[in-house]
Amino acid sequence: MRVASNGSIDQIDDEPLVAGDVVTVWTRCEEDENPFALVQIRGLLHGHRGLVWLPEDAEVEIVDLPRYAGRPEDLVKQAKPVRAPAGSKGVLKTAEGWPELIWRSDIVYSPVQGWDDAEIAVEVLLCALAVAPDDDPSLKPMLLAALAARYAALQRDPQTYPTTRYPWRNRAAPGSDMLEYLHG
């Protein structure tokens, strides 16, 4: 999406985006760290600055809808074994070993951990892989490993696989249900 106006920019500490910047939605709206903030904030991927935050009352225009990185069968061939991050062990989860872009996004973190339904997880990971930046060497391998695991779980369930109802089987972009899920 393209930023038209920053909204309540004083609600966040980061350097504001410039009108016209094109960014990719990466997180749902969430509470600001400032307990007196009047609006929630949403994490976005910026081409040069990585994860940035924008208040929910910012004005944006949609440039392009989310898309899939490809078919899971093709993408899982690229997956390599990945060690579980140190912060994923035990009951208390921490950021240790997680790429920031996974740790800071519930939308992405939950499918990577395997907490979401396998159908939803596969679709979210296909969308995340389409926009994941290359500047973090651990991000894409972790997303691919998670996709391989969730896709394998999906294939093991005879009630849901194989089927033609998966949008990633017959089109390049998610349907309205997944767009609503990603929106949060």
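Taking Ala148 as the residue in question, decide whether it is farther than 16 Å from His183 by Cα and within 12 Å of the chain's Cα centre (by Cα).
The answer is no for Ala148.
Are any of the residues in region 121-129 part of a loop (DSSP other than H, G, I, E, B) and without any contact (Cβ under 8 Å) to a residue 60 or more places away in the chain? The answer is no; no qualifying residue exists. A single member of Val23, Val76, Val91 is of a type in the set (A, V, I, L, M) and part of a helix (DSSP H, G or I), and it is Val76.
Against the conditions (1) in a loop (DSSP other than H, G, I, E, B); (2) of a type in the set (A, V, I, L, M); (3) more than 17 Å from Ala130 (Cβ to Cβ); (4) touching a residue at least 24 places away in the same chain (Cβ under 8 Å), Val60 satisfies every one except (1). When region 27-49 is limited to residues that are assigned to a strand (DSSP E or B) and open to solvent by 20 Å² or more (accessible area, probe 1.4 Å), the one that is nearest to Pro133 (Cα to Cα) turns out to be His46.
Within region 95-117, the set of residues being touching a residue at least 24 places away in the same chain (Cβ under 8 Å) and either closer than 18 Å to Val52 by Cβ or outside the structural domain of Ala148 (by the TED database) (or both) comprises Pro99, Glu100, Leu101, Ile102, Arg104, Ser105, Asp106, Ile107, Val108.
From the list Asp157, Asp106, Asp74, the one residue that fits, being open to solvent by 50 Å² or more (accessible area, probe 1.4 Å) and within 16 Å of the chain's Cα centre (by Cα), is Asp106.
The values are calculated or read from the model by the stated rules, or taken from the named source; none is laboratory data. Since the model is a prediction, treat every value here as computed from it, not as a measurement. Note that we place each Cβ from the backbone using ideal geometry, even for glycine, and neighbour counts take in every protein chain shown. The accessibility values were calculated without ligands, DNA or RNA, using every heavy atom of the protein model including side chains. Shrake-Rupley method; radii C 1.70, N 1.55, O 1.52, S 1.80 Å.
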